[in-house]
Amino acid sequence: MIRYHSFYPAHREGEYQHLMNEQDKAMFKWVRDFNPYDLYTKSHQKPDVAKLRPFYQELIAEYFPDKLSW
């Protein structure tokens, strides 16, 4: 989803299908589901990182193991 979320010609217009495999095409459901939440969330103010950090640290702790294997 992150790979394609700003790739509007693909997820809005259906372009570039010939460059995608079946997994890419299946993942576009998630891109389209996410798009309404991302589209108008831009702000001219910089986020307060110190204030946001606990929220994101909690999400990371919940969904990721302590050690990642890349």
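The values are calculated or read from the model by the stated rules, or taken from the named source; none is laboratory data. Predicted, not measured: the structure shown is a model, and the values here were computed from it. Here Cβ is always computed from backbone atoms with ideal geometry, including for glycine, and neighbour counts include all displayed protein chains. The area values use the complete protein model at the heavy-atom level, side chains included, leaving out ligands, DNA and RNA. Shrake-Rupley method; radii C 1.70, N 1.55, O 1.52, S 1.80 Å.
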Can you pull the percent of the chain's accessible area that's carbon plus sulfur, 1.4 Å probe, other chains left in place?
58 percent
Accessible-area order (highest first, 1.4 angstrom probe) of the listed residues K51, K46
K46, K51
With every protein chain kept in place and a 1.4 Å probe, the residues R53, R3 fall, from largest accessible area down, as R3, R53
Give or take rounding to whole Å, what are the principal axis extents of the alpha carbon atoms in the chain, in descending order?
42, 36, 18
Full extension from K67 to D48: what is 0.36 nm times the residue separation minus their Cα-Cα distance, to one decimal in nm?
4.2 nm
Protein-only accessible surface order, largest first, of F64, F28 at 1.4 Å:
F64, F28
Could you work out the local net charge near H18, counting Lys and Arg as +1, Asp and Glu as -1, over the other residues with Cβ closer than 15 Å to its Cβ?
-3
Modelled label-to-label distance, E58 and F34, 7 Å Cα→beta-carbon offset: nm?
2.2 nm
